Every structure is written in C-alpha cells, then in structure tokens.
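Some notes on the structure that comes next.
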Amino acid sequence: MPETLIAMEAICKDYEQSVGSPTRVLKNIDLMINEGEFVAIMGPSGSGKSTLMNLLGTLDRPTSGTYMLIGEDIKDYNERGLAEIRNKTIGFVFQGFNLLARRSIIENIALPLRYAGMNTKDSLAQAEIFLEKVGLSSHRDYLPTQLSGGQQQRVAIARALAPRPQILFADEPTGNLDARTGTAIMDLLFSRQADTGAT
Ligand code: ADP
Ligand code: MG
C-alpha cells in the first residue's frame, strides 16, 4: 500500500471581503493523494486552484475541515512548525517563475539550498546536477531576463526539485507559455517526477 501523503476532508476556505459577508471559495473539498502520484487539478480562472495549492502547501490555513499532511494534522502545528515541515518536504513552482532577477541561474537554484543549511560548494554542485536535469547547463551564468519563458520555467522547476522535496506543487506551470513550450514543460515535470520520486 502506498503511503497517503495528502488527505483533505471537508475543507472550506472563506475570504473576508471589505464589505458584506465572507465569500466561500472552497466548498467541502475531499482530496487524497498517495506517494508517487502525479495529479493535475484543472479549472477556469478564479475557481480556486491557487487557493487550494496554498492550503495544500501549508502557506495558508483552511477555514474549516481537516488536512492531514504526511500523517500529521496541520492544526497541531504553529506557523514555525509548518514552515519547518514545508522546508523539509515541499517544493513549489509558483505562477510566473519568481526567479531572483539579479542572480545568475545557478545562484537561483543554489541559494535555497544554502538557506537550508548546505555549504556553498555542495549547494553549487547540487544546483549543477539539477540544471543539467532540465537541460540548461550551458546557461548557468545567465541572468533570468536573458532566458525565454520556457527556460525560466525550467530553472524554477530545477530550483524546486534541487532540495529533493517529497512533494512538489506547481501552480499553472504552463500558464505563461505557448502550447509547444507548455507541452515540453509537462514532459519535463513527468520525467523529473519519475526520476526523483516526488509526488
Ligand atoms: P485560480 O487560481 O483558480 O484562478 P484563485 O484561488 O486565485 O483561483 O481565486 C479563487 C477566488 O478567490 C477568486 O474569486 C479570487 O478573487 C478569490 N481570492 C483569492 N485570493 C483572495 C484573497 N487573498 N482575498 C480575497 N479573495 C481572494
Ligand atoms: Mg491561480
């Protein structure tokens, strides 16, 4: 039996509004994801995909319902505890790449590893490995602005995978890309997922 990494039950999320009663964006979401699964959640703009990803990634808390992440009820954790779980187990590819504009590609991948406690030499070595995995070794010293959208997304994926997270979340990873580049990015995500075992 594969381990259940994510188990949401009757999750609701309300957003306060400046006037009137809060709006319920997520209504009774039940979701179960097992180790090694590759899951896509699809829906039109405004349907709550980013809201759900923020909850799944513990960047935000539900208004009601239960969320068990790797067997732990997130209610039992304060912000610091959640940040620790997040840093240890979760990688994010946010909408719009979010690369550091003044840092080279290799530094963009290496810096989070340094923050996680790796020394400079090891973080650079690990960054090189993941840059290679996304086919951009020849661009290691470029700045993000010198890359195409598809290449920037590859860097964002390498950065998210380099700490070897157990779970990887990607918010509309092909949203800012043309159809062909988007297909290539999905292929990359599939192959890297198979390769790293990330859920
Ligand atoms: P999607 O990612 O599917 O486009 P979102 O999760 O971003 O959808 O948004 C879902 C709904 O929640 C939208 O109606 C949006 O306006 C609303 N919403 C999102 N974030 C906030 C927020 N911080 N405060 C208030 N409303 C929000
Ligand atoms: Mg969104």
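The values are calculated or read from the model by the stated rules, or taken from the named source; none is laboratory data. Source: prediction; values computed, not measured. Here the Cβ is made from the backbone with ideal geometry for all residues, glycine too, and neighbour counts use every protein chain on show. The accessibility values were calculated without ligands, DNA or RNA, using every heavy atom of the protein model including side chains. Shrake-Rupley method; radii C 1.70, N 1.55, O 1.52, S 1.80 Å.
Where residues in region 45-66 are under 11 Å from Leu82 (Cβ atoms) and without any contact (Cβ under 8 Å) to a residue 60 or more places away in the chain, which of them is surrounded by the most Cβ atoms within 10 Å (Cβ to Cβ)? Step by step, filter region 45-66, then rank; the result is Thr58. The number of residues in region 67-102 being open to solvent by less than 60 Å² (accessible area, probe 1.4 Å) and either of a type outside the set (Ser, Thr, Tyr) or within 16 Å of ligand 2 (Cβ to nearest atom) (or both) comes to 17. Among the residues of region 130-144, those that are surrounded by 14 or more Cβ atoms within 10 Å (Cβ to Cβ) and either under 21 Å from the mean Cα position of the chain (by Cα) or in contact (Cβ under 8 Å) with a residue 40 or more places away in the chain (or both) comprise Phe130, Leu131, Lys133, Val134, Leu136, Leu143, Pro144. Scanning region 16-34 turns up no residue that is more than 13 Å from ligand 1 (Cβ to nearest atom), in contact with a Cys (Cβ under 8 Å, 6 or more places away or on another chain) and open to solvent by less than 70 Å² (accessible area, probe 1.4 Å). Please work out if Lys13 is in contact with a Gly (Cβ under 6 Å, 6 or more places away or on another chain), within 16 Å of ligand 2 (Cβ to nearest atom), at pLDDT 95 or above and open to solvent by less than 70 Å² (accessible area, probe 1.4 Å). So Lys13 does not fit the description; no. Filtered by the rule that a residue be of a type in the set (Ser, Thr, Tyr) and more than 16 Å from ligand 1 (Cβ to nearest atom), region 145-199 gives Thr145, Ser148, Thr181, Thr183, Ser191, Thr196, Thr199. Leu147 meets each of the listed conditions (1) at pLDDT 90 or above; (2) under 19 Å from the mean Cα position of the chain (by Cα) apart from (2).
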